[in-house]
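To start, the structure itself, in structure tokens.
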Amino acid sequence: METSQKIDALSRVPVFAVLSETELAQLAQSTIYRRENRFRFVFVPDENNDYVYLLLKGRIKIGTFSQEGKEVIKEILQPEQLFGDLALAGESTHTEFAQTLHDDVTYLQIRMSDIQQLLQHNQRFVYACITHLSNRLQRVEDRLAKLVLKDARERIIEFIVETAGKEGRRVGFETLVKHYLTQQDIANITGTSRQTVTSVLNDLRKANLIHFNRSSILIRDMEKLA
């Protein structure tokens, strides 16, 4: 990947958009371009947190493991989102994992030592990092509120609607959502069980609100589903 392409990718992310052309160029020159296949871990808990990553193409899931070893998915990332970004808050080892969801996932690997140098000399960048971390914390709080205030069925339907809003494609009056998640993944995201996800999806299909298979969900009517 050319340095100019890296600069362009970095500049589209709010936290880096405040950097000068010179700073962006310096950062891009030392940034590493990576490509991964499906189900590869970019990092796992307890590894050194020496990099911040910028997703360029594909989807990556961020999560943790419970004491019983159960996977808990916190977020599904889309292109132009950062991950491993708790390093910006001083986290020295990862508490989360990042795993690719399909083939041909690409991302940039940015050295934390380079970011720290910029933080020492650019107050606008410091503020941008604080704002980014605040937004990240807000997403976590919103997710916790959903787990507490909504029942399993509501959480599953809301996940479908939100995913459709981000990634859905209109097909006439219907909305097609192509995804790379198993029903267990959806359960891990919504804090439910695979059996509950299967039951809710089947109920929605019987009500003619959705049709689904392993790789897509077709929403018949977004307003009725929501």
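Quick note: the coordinates plus some simple rules give every number you see, no bench work behind them. Since the model is a prediction, treat every value here as computed from it, not as a measurement. Don't worry about glycine lacking a Cβ; one is built from the backbone with ideal geometry, like all the others, and counts go over all protein chains shown.
Are any of the pairs 6/70; 6/146; 57/206; 150/178; 61/150; 166/206 more than 28 Å apart by Cα-Cα distance, and if so, which?
Working: 6/70 36 Å; 6/146 36 Å; 57/206 35 Å; 150/178 25 Å; 61/150 23 Å; 166/206 25 Å.
Those over the limit are 6/70; 6/146; 57/206.
Spelling out what I want: for every residue of region 7-24, take phi, set θ = phi - 60°, compute 6.51 cos²θ - 1.76 cosθ + 1.60 (Karplus), and round to whole Hz; glycine and proline get x.
Each residue of region 7-24 in turn: 4, 4, 5, 5, 5, 7, 9, x, 5, 9, 5, 7, 6, 6, 4, 5, 5, 4 Hz.
Quick check for me: using +1 on Lys/Arg Cβ and -1 on Asp/Glu Cβ, what's the dipole size of region 48-184 about its Cα centre, in debye to the nearest 20?
320 debye
Using each residue's phi in region 192-209, evaluate 6.51 cos²θ - 1.76 cosθ + 1.60 at θ = phi - 60° and report the 3J(HN,Hα) Karplus result to the nearest Hz, with x for Gly and Pro.
3J(HN,Hα) across region 192-209, in whole Hz: 10, 10, 4, 4, 5, 4, 4, 4, 5, 4, 5, 4, 5, 5, 4, 7, 6, 8.
Rounded to a whole number of µm²/s, how large is the Stokes-Einstein D of the chain at 4 °C and 1.567 mPa s, given Rh as the Kirkwood radius over C-alpha pairs? Display every interim value, and only then the final one.
On the way: Rh = 19.0 Å.
This corresponds to a translational diffusion coefficient of 68 µm²/s.
Please list 3J(HN,Hα) in residue order for region 160-170, calculated via the Karplus relation 6.51 cos²θ - 1.76 cosθ + 1.60 where θ = phi - 60°; whole Hz, with x for glycine and proline.
4, 5, 5, 5, 5, x, 7, 10, x, 10, 5
May I ask for the longest run of the chain untouched by trypsin sites (Lys or Arg not before Pro) that are loop-located per DSSP and have at most 16 neighbouring C-beta atoms (other than their own) within 10 Å? Mind dumping the intermediate values first?
On the way: sites that count: 12, 38, 40, 70, 150, 214, 220.
Result for the longest clean stretch: 71-149.
Taking H as built 1.01 Å from N, whose amide H comes closer than 5 Å to the amide H of residue 56, not counting residues under 5 places away?
80, 106, 107, 108
Where does the longest stretch of the chain lie that holds no chymotrypsin sites (Phe, Trp or Tyr not before Pro) found in a DSSP loop with 13 or fewer other Cβ atoms within 10 Å?
Numbers: sites that count: 39, 173.
Longest run free of exposed loop sites: 40-172.
Percent relative contact order of the chain, based on C-alpha pairs within less than 8 angstrom and at least six residues apart?
Relative contact order for the chain comes out at 19 percent.
Taking every Cα atom in region 32-157, find the radius of gyration and the maximum pairwise distance Dmax, and write them in Å.
Rg then Dmax for region 32-157, in Å: 15.5, 49.
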